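Heads up: the structure comes next, in structure tokens.
The values are calculated or read from the model by the stated rules, or taken from the named source; none is laboratory data. Bear in mind the structure is a predicted one, so any value in this text is a computation, not a measurement. Positions of Cβ are generated from backbone atoms using ideal geometry, with glycine treated the same way; all protein chains shown enter the neighbour counts. Surface accessibility is based on the protein's heavy atoms, side chains included, excluding ligands, DNA and RNA. Shrake-Rupley method; radii C 1.70, N 1.55, O 1.52, S 1.80 Å.
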Amino acid sequence: MSNQATLSRPVSKVDPFSHAFLHDPYPYHEALREAGPVVWLEQYGIWTMARHEQVRDALTDFQTYCSSAGVGLSDFRKEPPWRPPSIILEADPPLHTRTRAVLTRILSPAAIRVLRVTFDREAERLIDRLVEKREFDGVAELAEAYPLKVFPDAVGISEEGRENLLPYGSMVFNSFGPRNELFNQAMENAGPVRDWIMSKCSRAVLAPGGLGMQIFDAVDAGELSEAEAGMLVRSFLSAGIDTTVYGLGNALYCLASHPEQWKILRENPNLIRGAFEEVLRYEAPVQTFFRTTTRPIDVGGVRLGEGEKVLLFLAAANRDPRRWERPDTFDVRRRAAGHMTFGTGIHGCVGQAVARLETEAILTALASRVASLELAGEPKRRLNNTLRGFDILPLRLVTA
Ligand code: OVV
């Protein structure tokens, strides 16, 4: 006979990867938060956490909630991963500690200050062009165009073939979900896309001085093997593009659809940094990550077993009324620090300063030139098993 906790565990029939959920997740988030501190998803036979306290606690307890069994639905101990696991994202200490130290150094505040010069100049150039154009697609012409220029340049990869970067990101982030239609679509051209990515990860093809070559410098210093360095370049190319594309797109959407908030930013450009944090809280470009339990654990009176998958709803934690006042209000003056979109703990986003740099560069260039930022048509969503954002975002810029 099952024990009391098992009998009383909260359950839900929702599919967090269905089109209905991905189109408008917020009512489902609320239902999952209200169902309990941890909820059993019958459809997948996994747990989920949607409250801020439990999501944060799980992310902080890397010994109980491990990453080495994969941070998607698939359990690497039960089925082979679709690609060799990331040696930072899908790793636990001590491997994670060693690889993380290298990327933390390469993405340090001093390194970001060096990047800022180029990132600001490229943002100004692009915004000048778009201001002249007046109407354009905020996804293809801005949210994609800018990260696809500045980040691969910073890593130091060739111009040729960069059109493979977004399809690869789509593969990576859809693969954290179930083998559904979104996954299958993303994987349609997987072979050539994966081969191109891997061909860009070796010492021989990376520009001297770039973020990629700096990883290989750590080989010479005895911190990594040559193969590990290539795998960390792969991590840059996996994690560094789509995340910022969706984040920048969501920032443009939030500001275009809240004109009073855009006005506040124009009048107080010092609020731009906090405004991006609010975008990340309110429309999280990364909605979820999984962990796997390494031992039985009690969560708010509910017993989880060992080796169980737990879906952490970062985006639901970001709107938990237990943590936030007026959680469903987009407010650029809010103190949004504490949102879970970059995660937290030892796996907290190592590239978050690059993400902030990119968005601040674009929003600063916009705020100094543009009086109004308007939707010029109906935005269209691009669904993804992990990411939330747009396929098309018609925008109109009116100069000051
Ligand atoms: C944070 C993140 C997302 C996707 C891929 C990776 C990391 C990676 O390390 O490959």
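Observations
- Compared with the rule-of-thumb size 2.2 N^0.38 Å for a compact globular protein, the chain has a Cα radius of gyration ratio of 0.97.
- The loop-placed GluC sites (Glu not before Pro) in the range 153-248, going by DSSP, that have at most 11 neighbouring Cβ atoms within 10 Å of their Cβ come out as Glu159, Glu160, Glu188.
- Where trypsin sites (Lys or Arg not before Pro) fall in DSSP loop in the range 282-333, at most 10 other Cβ within 10 Å: Arg322
- The relative contact order of the range 61-107 comes to 32 percent, based on Cα pairs under 8 Å that sit 6 or more residues apart.
- For the chain, a Gaussian network of Cα nodes joined below 10 Å ranks Ile157, Ile264, Ile127 by mean-square fluctuation, and the top entry is Ile264.
- Exceeding the 19 Å Cα-Cα cut-off - candidates Lys13/Lys78; Lys149/Lys200; Lys78/Lys309: Lys13/Lys78
- Gap separating the Cα centres of the range 323-400 and the range 24-45, nearest whole Å: 25
- Taking label points 7 Å from Cα along the Cα-to-Cβ direction, Arg326 and Glu160 give a separation of 5.4 nm.
- Å² of accessible area per residue within the chain, as computed with a 1.4 Å probe and no ligands counted: 41
- In the range 213-345, taking the dipole from charged Cβ atoms about the Cα centre, the farthest positive-side position among Leu248, Ala316, Phe276 is held by Ala316.
- The range 112-204: relative contact order as a whole-number percent, Cα under 8 Å and 6+ apart: 23
- Fraction of accessible area attributable to carbon and sulfur, the range 58-175 (%, probe 1.4 Å): 57
- Separation in nanometres of the label points that stand 7 Å from Cα toward Cβ, at Ala221 and Asp75: 3.9
- Highest-MSF residue in the chain out of Ala256, Ala110, Ala31 [GNM, Cα springs under 10 Å]: Ala110
- Helix-only mean residue ellipticity at 222 nm for the chain, each DSSP H run of n ≥ 4 adding -39500 (n - 2.57), per residue, nearest 500: -13500 deg cm²/dmol
- Within the accessible surface of the range 302-390, defined with a 1.4 Å probe on protein heavy atoms only, the carbon and sulfur portion equals 46 percent.
- Alpha-carbon radius of gyration plus Dmax, which is the widest Cα pair, for the range 270-344 in Å: 14.9, 47
- Options Ala190, Met231, Leu211, ranked by Cα towards positive dipole end of the range 186-252, top entry (Cβ charges): Ala190
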